[in-house]
Each structure stands twice: as C-alpha cells, then as structure tokens.
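Quick notes on the structure that follows.
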C-alpha cells in the first residue's frame, strides 16, 4: 500500500501523512468516559454530557442493534474547534462530485484534512482549475470500526437529541457500509438516525421538533431538489458554455431569492443560511449524498416490518446488487415513499412555484 501511495505522487503522500498524524493525535488523547464521569474533578457540564453519551450508546446497542463495541466510550479534547475539514469539488457543469479512492474505505465524494491550511490550499487549487468547491468543518466522522472512535470536544456539548442523532448516524456506518457509494452510505446512516430519534426522544421525555420546524426543513430540501433538477437540464443541453454559465447563475440566484422569501419570519439557522448563500454544484452534490435516498431507506425499514435486523440485512443485500440494479431499486423505493408522503401531507407547490418563476 505504501509503495502504491508513493508512486501516486507527492500530494497523495502528503495527504496520507497528515491523515495518519491527525488520527493518531486523536487516538492518543483519549480518556475513558467511565473514569471521567466517576471523577470528582470532572467539570459538571462535561460530566452531564458524557452521561448522555453513555445513555445513547446503551440505546444504540440495545434497541437499534448497532455494533457499538467500545466506540464512543472515550473522550478526546481537540486542540482546535473541529476534528477536520471536508473538501467537496464538482465540475462547473456537473452535479457529480469528484471522487477520491482510499486503500481501506473505498471511494468517496469528499476528502478530509485535519489541517485547515492544507484544506484551503487544495480548495484554492480546485477553484483555479474551474471546479465548484465546498469546504466545511467536520465535528465528527467514523473510521468504520477500524478504530474505537472517541467522543470529541467538537460535538460533546450539543443538545441531547442532536448528539443522539450524530451518534446513531456514525454508529450506523459500522453496521452497513458499501465501498464506493457515498450516497448510499450517508443516506442509510441519515435514515437510521431519523427513524430512531422519535422513540429515543419519547423515552427521554424530550419533545419532538415543532411542526413548523419540520416543514421549514422540508421546504429547504424541496428548493435544493428543484435547483438540482433545473441545473441537470441546463448542463445536459446543447447550449454554449457561456449560455450554460448564465443560466446556472440565474438558477442559483433564484434559489437564494426563494430561500429568503420562504424563510422570512423564521428563526434563522445560520448553518442553513450560510450553505444556501454559498450554494454551487459542490454543495448541492453534498446535500444530495446525505439526503437523496433517505426516503428509500425509510421505506425499506417499513417493508422490513420495522425490524432493525431485517432492515440491516435488506440494506446489505441492496448494497451488494450491481450498481445500476441498486440505483433502480432505490428509485422504486423512493417513489413509493413519496407517494405515501403525499397521501399523508398533501402536495406543497410553494417551493416549486417560486423556483419556476422568473426573477
């Protein structure tokens, strides 16, 4: 493996060197959560958060049948605010992100850097080559069971339900992971957390999100879906590059304008606002990787009679299908899920009307 990395060039050697150094530093800083919770000198706020982690781990292993093992049984205080920085790059006229392939994890649509300066240097390089780029902080990631991932200071102080959502997502990667299919893996893990959270909240006495918050998130996702659909049509056309560039700019401007209109009066979430304002092919690709197949996996869970083991086995079987067959199966599941959702909630054309209007 080292020989193949060396032959690939200096940038690859540099990437793996920083990755190894960053990972080892995180592992070297681990402290037992049981010890921290039992120690009188531990800050009370940190102790309370770590107790939530213990409860979430117990639920994930007992109720969700996830392979928790020793994952998140330790805590690491990071030197900086985030664990690493993820880079996503997509061509100027494509919503298919650049893929990087790794010796163990397979291929993925993002590249993680522990050093922000390294990430920014790569961001500048891709921008200079004409790519749309997104560079964002990453509070947590999974090593897919190769290491016992610790709880990090970058997310330990999150609200309990957000903390549970994250840990359910990352632990799901340890149960089902299909090499080379980022969209499958991230949508699957997102679906596991989404399905599990209502019951977990109920057991903890934590109220569900307000209905209006759920609807707002749905409208934001609808805007992104419609924008992707319109851009795909533009990129597939026989127009000149200049014409495509102008139409792309108009579509992204409509997206931002529609978001501002729809979100007027909302309690703004800075994370969503920042992403919308910076939206390009890379950010749209990233959102798609995490969200596009979630309804399909929710439907697969229903088809599995809400049995977690049957669901995981069905997801694994789906992941083993040839890529085209897997894609067709996910599309069918998505269509069934959407049909069911429309029967329950009714159609909402507000986002589509806004995106279709000339601005």
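Values in this text are rule-based calculations from the coordinates and carry no lab data. Predicted, not measured: the structure shown is a model, and the values here were computed from it. Cβ coordinates were reconstructed from backbone atoms using ideal geometry, including for glycine residues, and neighbour counts include every protein chain displayed.
Some notes on this structure:
- Gain on full extension, evaluated as 0.36 nm per residue between residue 115 and residue 303 minus their Cα-Cα distance, stands at 63.3 nm.
- Calculated [θ] (222 nm, deg cm²/dmol) that DSSP helices of n ≥ 4 give over the chain, each run adding -39,500 (n - 2.57): -20000 deg cm²/dmol
- Cα-based shape type of segment 36-94, given that a ≥ b ≥ c are square roots of the gyration tensor eigenvalues and the cut on a/c is 1.5: oblate
- Burial ranking of peptide ranges 225-234, 116-125 (average Cβ count within 10 Å, highest at the top): 225-234, 116-125
- Correct choice for mean projected area of the Cα convex hull in nm² that was computed from the model, options (1) 19.9; (2) 28.8; (3) 18.0: (1)
- Rounded if a/c under 1.5, otherwise prolate or oblate - segment 2-203, Cα gyration tensor axes: prolate
- Each Cα pair under 8 Å and six or more residues apart adds its separation to the average, and for segment 211-356 the resulting relative contact order is 31 percent.
- Alpha carbon centroid spacing (whole Å) that separates segment 223-246 from segment 21-88: 43 Å
- Note on the chain: antiparallel DSSP beta bridges, both residues inside, total approximately 90 percent of the bridges counted.
- C-alpha center-to-center spacing [segment 277-344, segment 189-208] in angstrom: 19 Å
- Exposure proxy for 203, 254: other Cβ atoms within 10 Å of each Cβ, ordered fewest to most, give 203, 254.
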